[in-house]
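Novice: Attaching a single structure in structure tokens format; questions to follow.
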Amino acid sequence: MESVPFSDTHDAPISGVKDDRLARKPFASSLVRTLLADNPNGATVVAVMGGWGTGKSSVAAMVAEELDNQATVVRFEPWMVGSREGLAREFFATIGNKILPKEDTDKDKKARSRFYRYSSKIMSTISTGAGALSVVVPGVGIAEKGSKAISEALNYAAEGLEAQAIEPTLRDARDEISSDLAELTKPAVIIIDDIDRLDKEEVRITFQLIKACADFPNIRYLLLFDRDQVCHALKDSVTDPEAFLEKIVSRPFDLPEATRKQRSALLEESLLSTGIHENLGKSGMERLSVVFDQVLLPGLSTVRHVKRFITTIETLLPSLIVEGTRNIDPADFLALEFLRQYVPTIYSVLREEEAPRPGGRLAWLMQDEANDKKKEARAEALDQLGEPKRSLAIYALEALGDGKSRNPLALMTCRFSTDYWKPVYLGFHEARASVSQKTWQEFKSSLRGTDSDPFWLHEWDDREARDRWIAAIVTRAWDIEWPESKQLMKILFEWGDKQHPEEGVFTSSYTSWESAVMNCVSSMLEISPDGLDPVNELNEVIKSTTALVAPAIVVGMELEQKRKGRHPDWSEESDLAPLQRSLARKVKKFVESGEIWNSNDVRTAFSAVRYILGDAYWTKWFDSIHSSEEALVQYLNLYLGQIVDFNYGFDEGPLVAAIRDIAPEKLNESGRRARLLTLNAVRDPLGRQRRRRPRLDTVEVVEI
């Protein structure tokens, strides 16, 4: 990515005419003619006045370039001097170093001596109070405020003045160096930039120095400053700042304003150099144009604003556009970055807006109340802004969207208004997305094949990684083509049937394997293409796989939604009965053949049986467990033995009696623990537990 061609850094002026983007070369040439013109009637002090960041320094660079070989260019930068006391000294030292003869002849030595003697006299005249004494009597400074110190200092000063009486007067010294300067072979142009950066006293001193040296022969001045800032700085030291400047500046010029067309071309060229627009579709380019016209062009009103903005963009983009993959929407990114740099109060509001988790369907259910609060916070912040910032901020917020979009295009184009992408924008890095855009594209590509063990599935053993993938799939299901969605369902079903119960108190959390499968599959079914029945589509997927428990959980949970009178997630008007019947045959065989005990996760298999075959079948089958010792052993070892938080209470009955009678040595460790906990959880005839249930981590497995 190439840098902006007109600048190496955001605050640097152009180096010369070749980088002129604002057609100011004719203006610079007219300044050169003015500076080189004979002026027998007085000083040539040219001032170019303009606001901060409007390009004054760039004009100075073009002037200096054109003056080459025609004049000696002296650059004096007063804002770089470390102290007020050193300002006058540095002024004369800079000029003397450039224009005085440097030979070791008596003539040259005397010329240098006369110049610096005059400099010393001028430095004394522009100082005041104890500061003046320090010029005449070294070592006496402003800090010495006591009356005795002042009295002593005045005595020393008197002696110093008496000694100076034998020196040439100020006028004599001036006449002497005027003769020296008249011998220069070419004029010297002293360029003084950024005067408006100085404090009030430094501004006064600088103009006094220019006034003291303005009408020397062969000496010209080019001053660059913001008129309003300088007048404000001078108002405490002179009665009429405007009149004061008129007496010093003989040729005042206002910097030609950059036209809207010029700023537009400059901004467009700068943005194109970042590559942010590459491979952007028609819709994205249209949105980018709106942000350009309504936010950036009116908001970045100076050349310096443009440079600073673009330089920051260039710094951030490498973390957001990785290997050609864009993890942001360009229009959103530029609108948000404008707010960050120029309307930080609004940006702070956006940062503080909490995004509901985990995203997708759950987020939409939670967003209405949150969005009301967002609107109130944004409106309150906007009311605190003056114009034009308020209008610019409103346009930028409109470009970003309201955060309620369910449009899949918003996710596919990485819009800021989606909770999924906000962390990327606010963290300036693609890794802040649940799944980076590059990895997401690789994920989609993997679904076009027949690989049942793709790379991304290897990450699902890690709960945090699984959480990120679930958030991505649930939120970005629209971005997956339908054939790939069906392949993904198949992969998830087969993965789910291979999972074991997960230890920890969060086994029923959003990231448990059954919740992961259910949320991902439901999100895809919910947005199945028009004209396709999601029930029939799911049935095709189920027929193509050997998995049973995972698809039964997905279908069973949808059935539960309908049984409880809740709005279903994906079946809508579709009749689930045929799919339920098809699954019921498989699940019934699964139970009655005893294959259920071979499930990796028996507890979840129990839920699948209940969902698909109904409560009546499940109760009848469950009640039969106690009559088969083999089934009872499996029940204790694989079902009750896998329960981490044991909060059951049991009534006396055939099941409890069978558990009491079974020999502990026939059980594994988990089964023996489950047996003990069950017997400790038996209720008395009044429904009270006979014994206090021991804590799980203090249970000692013993025979009863």
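Novice: Please indicate, with yes or no, whether at least one residue in the stretch 267-286 is closer than 30 Å to Ala71 by Cβ and crowded, with 20+ Cβ neighbours inside 10 Å. Explain how you work it out, then say what you get.
Specialist: Pass one, the stretch 267-286, residues closer than 30 Å to Ala71 by Cβ: none.
No, the stretch 267-286 has no match at all.
Novice: Go through the stretch 251-280 and report how many residues are assigned to a loop (DSSP other than H, G, I, E, B) and touching a Ser or Thr at 6+ places or on another chain (Cβ under 6 Å).
Specialist: So the first thing to find is which residues in the stretch 251-280 are assigned to a loop (DSSP other than H, G, I, E, B), and the list is 255-259, 275-280.
Keeping just the survivors that are touching a Ser or Thr at 6+ places or on another chain (Cβ under 6 Å) gives 255.
Qualifying residue count for the region: 1.
Novice: Please go through the stretch 446-472 and give me each residue that is within 20 Å of Ala547 (Cβ to Cβ), out of contact with any Ser or Thr (no Cβ under 7 Å at 6 or more places or on another chain), of a type in the set (A, V, I, L, M) and not in a loop (DSSP other than H, G, I, E, B), ordered by number.
Specialist: Result: Leu457, single match.
Novice: Can you pull out the residues in the stretch 328-366 that are among the charged types (D, E, K, R), in contact with a Lys or Arg (Cβ under 8 Å, 6 or more places away or on another chain) and at pLDDT below 90?
Specialist: The one that is among the charged types (D, E, K, R), in contact with a Lys or Arg (Cβ under 8 Å, 6 or more places away or on another chain) and at pLDDT below 90: Glu353.
Novice: Could you tell me how many of the residues in the stretch 443-488 are small (Gly, Ala, Ser) and closer than 14 Å to Tyr420 by Cβ?
Specialist: Quick first cut of the stretch 443-488, residues small (Gly, Ala, Ser) only: 445-446, 449, 452, 465, 471-472, 477, 485.
Checking which are closer than 14 Å to Tyr420 by Cβ leaves us with 471-472, 477.
Result for the stretch 443-488: 3.
Novice: Ok, one more. Which numbered condition in (1) modelled with pLDDT of 85 or more; (2) outside the structural domain of Ala516 (by TED's automatic domain parsing); (3) assigned to a helix (DSSP H, G or I) is the only one that Val435 fails?
Specialist: Here Val435 meets the rest and fails (3).
Each row is one residue, and each column tells you yes or no for (1) part of a helix (DSSP H, G or I); (2) in contact with a strand residue (DSSP E or B) (Cβ under 9 Å, 6 or more places away or on another chain); (3) modelled with pLDDT under 85.
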site	(1), (2), (3)
Tyr648	no, no, yes
Glu652	no, yes, yes
Arg673	yes, no, no
Pro685	no, no, yes
Arg693	no, no, yes
Val702	no, no, yes
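Novice: Select, from Val291, Val303, Val322, Val238, the only residue that is at pLDDT 95 or above, surrounded by 14 or more Cβ atoms within 10 Å (Cβ to Cβ) and among the β-branched types (Val, Ile, Thr). Outline the logic, then answer.
Specialist: On the way: Val303 fails: at pLDDT 95 or above; Val322 fails: at pLDDT 95 or above; Val238 fails: at pLDDT 95 or above.
Going through Val291, Val303, Val322, Val238 in turn, the sole match is Val291.
Novice: Here is a follow-up. (1) within 20 Å of Ser452 (Cα to Cα); (2) modelled with pLDDT under 90; (3) among the aromatic types (Phe, Trp, Tyr): which one isn't true of Phe506, the others all being true?
Specialist: (1)
Novice: Looking only at the stretch 455-472, which residues are in contact (Cβ under 8 Å) with a residue 12 or more places away in the chain, of a type outside the set (D, E, K, R) and surrounded by fewer than 17 Cβ atoms within 10 Å (Cβ to Cβ)?
Specialist: Of everything in the stretch 455-472, just one residue is in contact (Cβ under 8 Å) with a residue 12 or more places away in the chain, of a type outside the set (D, E, K, R) and surrounded by fewer than 17 Cβ atoms within 10 Å (Cβ to Cβ), namely Phe455.
Novice: I would also like to ask the following. Among the residues of the stretch 592-600, is any under 48 Å from the mean Cα position of the chain (by Cα) and either more than 26 Å from Leu488 (Cβ to Cβ) or in the same structural domain as Asp497 (by TED's automatic domain parsing) (or both)?
Specialist: yes
Novice: Scanning the stretch 18-46 for residues that are of a type outside the set (D, E, K, R) and farther than 15 Å from Pro187 by Cα, which turns out surrounded by the fewest Cβ atoms within 10 Å (Cβ to Cβ)? Please lay out each step first, then the result.
Specialist: So the first thing to find is which residues in the stretch 18-46 are of a type outside the set (D, E, K, R), and the list is 22-23, 26-32, 34-37, 39-46.
From the residues that got through so far, the ones that are farther than 15 Å from Pro187 by Cα too are 22-23, 26-30, 41.
Numbers: Leu22: 22, Ala23: 11, Pro26: 10, Phe27: 17, Ala28: 23, Ser29: 14, Ser30: 12, Asn41: 7.
So, considering only residues that are of a type outside the set (D, E, K, R) and farther than 15 Å from Pro187 by Cα, the one surrounded by the fewest Cβ atoms within 10 Å (Cβ to Cβ) is Asn41.
Novice: Sticking with this structure for a sec: Output yes when any residue across the stretch 662-674 is closer than 23 Å to Thr604 by Cα and basic (Lys, Arg), and no when none is. Don't jump to the end; show me each part of the working.
Specialist: Just the residues of the stretch 662-674 that are closer than 23 Å to Thr604 by Cα, to begin with: 667-674.
Within this subset, residues satisfying the condition of being basic (Lys, Arg) are 672-673.
Yes, some residue in the stretch 662-674 is closer than 23 Å to Thr604 by Cα and basic (Lys, Arg).
Novice: Could you tell me which numbered condition Asp575 fails, if it satisfies all but one of (1) farther than 20 Å from Ser452 by Cα; (2) of a type outside the set (Phe, Trp, Tyr); (3) surrounded by 14 or more Cβ atoms within 10 Å (Cβ to Cβ)?
Specialist: All conditions pass for Asp575, except number (3).
Novice: Out of Ala12, Ala28, which single residue is at pLDDT 70 or above and in a loop (DSSP other than H, G, I, E, B)?
Specialist: Values: Ala28 fails: in a loop (DSSP other than H, G, I, E, B).
After applying the criteria, what remains is Ala12.
Novice: Looking only at the stretch 47-62, decide whether some residue is at pLDDT 90 or above, of a type in the set (D, E, K, R), buried (at least 17 other Cβ atoms within 10 Å of the Cβ) and part of a helix (DSSP H, G or I). Even if it seems obvious, please write down each step before you answer.
Specialist: Restricting attention to the stretch 47-62, the residues satisfying the condition of being at pLDDT 90 or above are 47-50, 56-62.
Okay, now just the ones that are also of a type in the set (D, E, K, R), so 56.
Those left that are additionally buried (at least 17 other Cβ atoms within 10 Å of the Cβ): 56.
From the residues that got through so far, the ones that are part of a helix (DSSP H, G or I) too are 56.
Yes; the residues of the stretch 47-62 include at least one that is at pLDDT 90 or above, of a type in the set (D, E, K, R), buried (at least 17 other Cβ atoms within 10 Å of the Cβ) and part of a helix (DSSP H, G or I).
Novice: Here is a further query. Within the stretch 375-432, restricting attention to residues that are of a type in the set (Phe, Trp, Tyr) and not in a loop (DSSP other than H, G, I, E, B), which residue is modelled with the lowest pLDDT? Give the derivation first.
Specialist: Initially, the stretch 375-432 is screened for residues of a type in the set (Phe, Trp, Tyr), giving 395, 416, 420-421, 425, 428.
Restricting the remaining residues to those that are not in a loop (DSSP other than H, G, I, E, B) gives 395, 425.
Values: Tyr395: 95, Tyr425: 89.
Selected residue: Tyr425.
Novice: Only one of these is more than 35 Å from the chain's Cα centre (by Cα), at negative phi and in contact (Cβ under 8 Å) with a residue 24 or more places away in the chain: Ala243, Ala212. Name it. Give the steps one after another, and end with the answer.
Specialist: Details: Ala243 fails: in contact (Cβ under 8 Å) with a residue 24 or more places away in the chain.
Selected residue: Ala212, the only one of Ala243, Ala212 that is more than 35 Å from the chain's Cα centre (by Cα), at negative phi and in contact (Cβ under 8 Å) with a residue 24 or more places away in the chain.
Novice: Next question. May I ask you to verify whether Ala472 is at pLDDT below 90 and not assigned by TED's automatic domain parsing to the domain that holds Leu288?
Specialist: For Ala472, the condition - at pLDDT below 90 and not assigned by TED's automatic domain parsing to the domain that holds Leu288 - is met.
Novice: For the stretch 226-241, does any single residue satisfy the condition of being part of a loop (DSSP other than H, G, I, E, B), among the polar types (S, T, N, Q) and in the same structural domain as Glu201 (by TED's automatic domain parsing)?
Specialist: Yes, some residue in the stretch 226-241 is part of a loop (DSSP other than H, G, I, E, B), among the polar types (S, T, N, Q) and in the same structural domain as Glu201 (by TED's automatic domain parsing).
Novice: Quick check: anything in the stretch 563-571 buried (at least 20 other Cβ atoms within 10 Å of the Cβ), within 20 Å of Leu457 (Cβ to Cβ) and touching a Lys or Arg at 6+ places or on another chain (Cβ under 9 Å)?
Specialist: no
The values are calculated or read from the model by the stated rules, or taken from the named source; none is laboratory data. Quantities reported herein were computed from a predicted structural model and do not represent experimental measurements. Cβ sites come from the backbone with ideal geometry, for glycine too, and all protein chains shown count toward neighbours.
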